[in-house]
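Written below as structure tokens is the structure these notes are about.
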Amino acid sequence: MPLQLLIEAVIAGVLLGCFYAAVSVGLSVAFGLLDVPHIAHPAFLVLGAYGAYLLGTYGIDPLLAGALLTPVFFLGGLGVYRFYHAVFERRSDAGLRGLAFFFGVAFIVEVALIVAFGVDQRMVEAAYIGKSLAIGELRLPIRMLVAFGVALLLTGTLALYLSHTFTGRAIKAVAQDQTALALMGADPVRVKQWAFGIATGTCALAGALLIIVQPVEPGLGRLYIGRTFCVAVLAGLGSMPGTLAAGLILGIAESIVLTSLGASWAPAVAFGLLLLVLAIRPAGLFGR
Amino acid sequence: MRDWLIFGIGAAALLAGAVVVTQTIENEYFFFASYVVLQFVVLATAWNILGGYAGYVNFGSAAFFAIGAYIAVALFKAFQAPLLAQLLAAMAVTGLMGFAVGALTMRLRGVFFSIATVAIAVICETLVVNWGFVGGARGTAILQPSAPPLFGSYTRMLFVAMALFAVLSVAIARYIETSWIGRGLRALRDSEEAAESLGVPTLKLKLFAATASGALMGLAGAPFALYMSFIEPTSAFSLNYAVSALAMPIVGGTGSWIGPVIGALLLGSVQQIVTVTVSSELNVLIVGLLLVAFVVAAPQGILGLLQRLFRSRGAK
Amino acid sequence: MTAALLDVQSVSKRFGGFAALTEVSLAVRPGERLGIIGPNGSGKTTLINCICGALRGHRGTIVFEGHDITGLAPYQRTRLGIARSFQIPRPFSSMSLVDNVAVPLEYVAHRYLAHRGPVAAADIRAEALAILDQMGLQGGADAPAATLTQVGLRKLELARAMAARPRLLILDEVMAGLSSAEVDEVLTLLFTLSGRGVTIVMIEHIMRAIMRFSERVVCLDAGRVMAEGPPAAIAADPMVRRIYLGA
């Protein structure tokens, strides 16, 4: 591949990679820190995307829509975790049933979206979608730059929250030692519930980014299972800087494959990378 | 021993009935619908060997099903291979797939196996879509061989064959369940650490279950192309197979071989009725809703509900 | 000098930056009754996990009956004759008590020690019931293990470990939560086992049990062996008192 093409692929991959990090950061929290087998995370992403689409029909900018929907998703996340904990986490066979539950939830979300919006692709409109920035011979789609910026903001804010606030540190602590946390006066269940709420809340804004970056249709969630879990696992479960690094790696890999082999092979990259990580270093880059 | 005798008699009666039916019933749709239901019996039973007995959830059943179909198609197109050869090859490949996914992930937590099965499903579909020999994304048509003697059509012969596969897979599941293998699987499902410390070779047993499950799913899929006279990726890899393979054992009851049979018969029939009377999207939605409802409210499935009912009756 | 049944040679295990065990060496003689004590976090369970194979990737070697078993999986070590109970009981909850005990019978005792062929299900059931009877668990033998009380679960742990017919039995706080009478019950059982030649290593916090039962006591602290000797000497050792009660 000519160098020019490679450089373009890498740069596109960097932009894409940060976006992947943003959509995976919620999973890094839910699965990485809380050990919840949250297969439905990508479905919530798609739900967020459709939320942005719906508000977009009233003329609301997608990013604004994402911000507005964040508290709604946060509350939803609280509810989902509460239910999950009450029904599954307390019993010994949590694994099989918990997984089946989230699979069923993802499935129901997909079908509900089909019923509500149909199977056609939906897009959203904004001033920054459709235009490109020219730097030398490079053309960078502005919407990718916007996604890149927002993604960095989202990941960075979450990383700071986890390391500098009491609740954030409690969340990291609950991942490591629930008993110690309880002895320090924090209720592990409420901390986990709060964390899951945050993880779901990110799906609102990340979902908005999703529909900015590409058109969405209800089945998109299944494709993103590969991407989000690839990033979350490669990151080293629960690590925020790891999520960013892993996102970049996936983005660049996918971009290069897209340029050299074409679009029909691109979906397999995330899953292939995931299998590779599981085979070689399941703890991920920054794993504990 | 006596239990197996009863089982054998029942199975023989079922197969005899299947043959009789091919000679007497005129309505082709009956065979179509029954074939699909029998196919789900095999698929659900296969899923349960790994999911119910060992506790490892396979989300990629569609891949095993479809690869079974596509391997059979490839052999048929390339060598005009007889049905038996197609079946054996399909089972070998899908059994190997199950083994490979297990070998990769079973030293890790169970959720990683499940995610790997999603990965396998997407990767297989991508590979098949790019495989020109079997028609790629547009699929390919298959010409059914001429009907063997005794049966009016090749389709009817496949119907009896699928009934045979259903009996076979249930027999295998029953054997595994009631043998020392089944007890070992149940032990490692309940507490892998304890099982390992009590002499159970957990990794070997898990790999065995994964291989057996994969092979039987391939068996369910192998005759698919010949039955439909056509195959293309979207329907072969349909999400419905993945959800049904999961929902049928859970609804029926994962603890025993009877559960998947009940679930397949029930949900399979419901699906056929709904698809014909309303729509196929609604059909898939119903399966998903039932799955969630049972997982939450009746985790032991219909079998569990029946057992509780009889136990409370007995107490009175 | 009889060769050691179990020879733990210089075992060290780290978890990230935390050193759980440092250069722990221990030799257990055949037929011995060894007690291991130490405050919480001193590495007792980690040591057991290394000996039984639940933890690998540690430095040092584990030698059992002259064979280096450091690389073996746990189930292989059990088949060689090492059995353990868990600190927090791990029953097979969905299976009956009989089936719980039948698992080690089928996978160890009958497959690898005695017969080399299928054993009648009735025989296995009879043997399982006998073992449960010894532990006082014969009532409700067909009920699922999930219905047991805490005390019953501990007894089941012991029953299962015994069913594996071990030459070395390692007990991780098997008597936690038992009443005084139950402690004596279990001790009697363990003395009987010891009389039959089973080597027993007991980790306990209940000093009465350790003092009565052990021929030799090892005291661990912060991942190292701090003191070793007859129970009376250990009880009198000022360092041991300091470890347990603080300076």
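Quick notes on this one:
Every residue, every condition in (1) under 30 Å from B:Asp190 (Cβ atoms); (2) hydroxyl-bearing (Ser, Thr, Tyr); (3) surrounded by 15 or more Cβ atoms within 10 Å (Cβ to Cβ); (4) in contact with a His (Cβ under 9 Å, 6 or more places away or on another chain), yes or no:
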{"position": "A:Leu99", "(1), (2), (3), (4)": "yes, no, yes, no"}
{"position": "A:Val105", "(1), (2), (3), (4)": "yes, no, yes, no"}
{"position": "A:Val115", "(1), (2), (3), (4)": "no, no, no, no"}
{"position": "A:Gln121", "(1), (2), (3), (4)": "no, no, no, no"}
{"position": "A:Glu125", "(1), (2), (3), (4)": "no, no, no, no"}
{"position": "A:Leu133", "(1), (2), (3), (4)": "no, no, no, no"}
{"position": "A:Glu137", "(1), (2), (3), (4)": "no, no, no, no"}
{"position": "A:Leu205", "(1), (2), (3), (4)": "no, no, yes, no"}
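- Selection count, region B:181-211, where residues are hydrophobic (A, V, I, L, M, F, W, C) and more than 24 Å from the chain's Cα centre (by Cα): 4
- One residue stands out in region C:51-69 among those that are surrounded by 15 or more Cβ atoms within 10 Å (Cβ to Cβ) and within 13 Å of chain B (Cβ to nearest Cβ): the one that is farthest from C:Gly81 (Cα to Cα), namely C:Leu55.
- Boolean, A:Pro188 is farther than 25 Å from A:Leu158 by Cα, in contact with a Leu (Cβ under 6 Å, 6 or more places away or on another chain) and of a type outside the set (S, T, N, Q): no
- Test result for B:Ser279, within 14 Å of chain A (Cβ to nearest Cβ), surrounded by fewer than 17 Cβ atoms within 10 Å (Cβ to Cβ) and under 16 Å from B:Ser61 (Cα atoms): no
- In this structure, A:Val233 qualifies as part of a helix (DSSP H, G or I), within 11 Å of chain B (Cβ to nearest Cβ) and more than 26 Å from A:Leu5 (Cα to Cα).
- Residue match in region C:94-104 (condition: among the acidic types (Asp, Glu) and within 14 Å of another protein chain (Cβ to nearest Cβ)): yes
- Candidates B:Leu127, B:Leu104 - the one that is within 14 Å of another protein chain (Cβ to nearest Cβ), farther than 25 Å from B:Leu75 by Cβ and of a type outside the set (D, E, K, R): B:Leu104
Okay, residues lined up against (1) over 18 Å from A:Thr157 (Cα atoms); (2) crowded, with 22+ Cβ neighbours inside 10 Å; (3) away from chain B (no Cβ under 14 Å); (4) of a type outside the set (Lys, Arg):
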site: A:Pro2; (1), (2), (3), (4): yes, no, yes, yes
site: A:Val10; (1), (2), (3), (4): yes, no, yes, yes
site: A:Val14; (1), (2), (3), (4): yes, no, yes, yes
site: A:Pro42; (1), (2), (3), (4): yes, yes, no, yes
site: A:Leu45; (1), (2), (3), (4): yes, yes, yes, yes
site: A:Gly51; (1), (2), (3), (4): yes, yes, yes, yes
site: A:Gly66; (1), (2), (3), (4): no, yes, yes, yes
site: A:Leu69; (1), (2), (3), (4): no, yes, yes, yes
site: A:Val87; (1), (2), (3), (4): yes, no, no, yes
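- Options C:Ala4, C:Ala19: the member that is touching a residue at least 24 places away in the same chain (Cβ under 8 Å), more than 26 Å from C:Gly195 (Cα to Cα) and small (Gly, Ala, Ser): C:Ala19
- Number of positions in region B:179-194 that are more than 7 Å from chain C (Cβ to nearest Cβ) and in a helix (DSSP H, G or I): 6
- If the condition is being away from chain A (no Cβ under 14 Å), of a type in the set (A, V, I, L, M) and not in a loop (DSSP other than H, G, I, E, B), then region B:130-159 contributes B:Val134, B:Ala141, B:Met157, B:Leu158.
- Of everything in region A:262-278 that is under 13 Å from B:Val129 (Cβ atoms) and of a type in the set (A, V, I, L, M), the residue that is surrounded by the fewest Cβ atoms within 10 Å (Cβ to Cβ) is A:Ala263.
- Residue in region A:278-286 that is under 16 Å from A:Phe31 (Cα atoms), within 14 Å of another protein chain (Cβ to nearest Cβ) and part of a helix (DSSP H, G or I) present: yes
- Checking B:Ile67 against (1) within 14 Å of chain A (Cβ to nearest Cβ); (2) assigned to a helix (DSSP H, G or I); (3) surrounded by 18 or more Cβ atoms within 10 Å (Cβ to Cβ), the condition it does not meet: (1)
- Failed item in (1) within 9 Å of chain B (Cβ to nearest Cβ); (2) in contact (Cβ under 8 Å) with a residue 60 or more places away in the chain, with C:Ala145 passing the rest: (2)
- Residue match in region B:106-123 (condition: of a type in the set (A, V, I, L, M, F, W, C) and more than 27 Å from A:Leu276 (Cβ to Cβ)): no
- Filter result for B:Leu88 (in contact (Cβ under 8 Å) with a residue 12 or more places away in the chain and surrounded by fewer than 20 Cβ atoms within 10 Å (Cβ to Cβ)): no
- Flag set for B:Ser235, criterion: polar (S, T, N, Q), free of Cβ contacts under 8 Å to residues at least 12 places away in the same chain and more than 19 Å from B:Arg174 (Cα to Cα).
- Boolean, A:Gly272 is within 14 Å of chain B (Cβ to nearest Cβ) and not in a helix (DSSP H, G or I): no
- Set B:Ala62, B:Ala81, B:Ala116: member being under 30 Å from B:Trp257 (Cα atoms) and either more than 8 Å from chain A (Cβ to nearest Cβ) or not in a helix (DSSP H, G or I) (or both): B:Ala62
- Residue among B:Val295, B:Val261, B:Val274, B:Val251 that is surrounded by 23 or more Cβ atoms within 10 Å (Cβ to Cβ), on the phi < 0 side of the Ramachandran plot and at pLDDT below 90: B:Val295
- Only one entry in C:Arg29, C:Arg90, C:Arg84, C:Arg56 is closer than 16 Å to C:Lys13 by Cβ, of a type in the set (Lys, Arg) and out of contact with any Pro (no Cβ under 8 Å at 6 or more places or on another chain), namely C:Arg56.
- Among the residues of region B:197-242, those identified as closer than 27 Å to B:Phe32 by Cα and in contact with a Gly (Cβ under 6 Å, 6 or more places away or on another chain) are B:Ser213, B:Gly214, B:Ala215, B:Gly218, B:Gly221, B:Ala222, B:Ile231, B:Glu232.
- Residue within region B:226-237 that is surrounded by fewer than 21 Cβ atoms within 10 Å (Cβ to Cβ) and within 14 Å of chain C (Cβ to nearest Cβ) present: no
- Within the option set C:Ala109, C:Ala122, C:Ala159, being within 13 Å of chain B (Cβ to nearest Cβ) and under 24 Å from C:Gly35 (Cβ atoms) holds for one residue only, C:Ala159.
The values are calculated or read from the model by the stated rules, or taken from the named source; none is laboratory data. Here the structure is a predicted model, which is why all the values come from computation and not from measurement. Please note: Cβ atoms are built from the backbone with ideal geometry, for glycine as well, and neighbour counts cover all protein chains shown.
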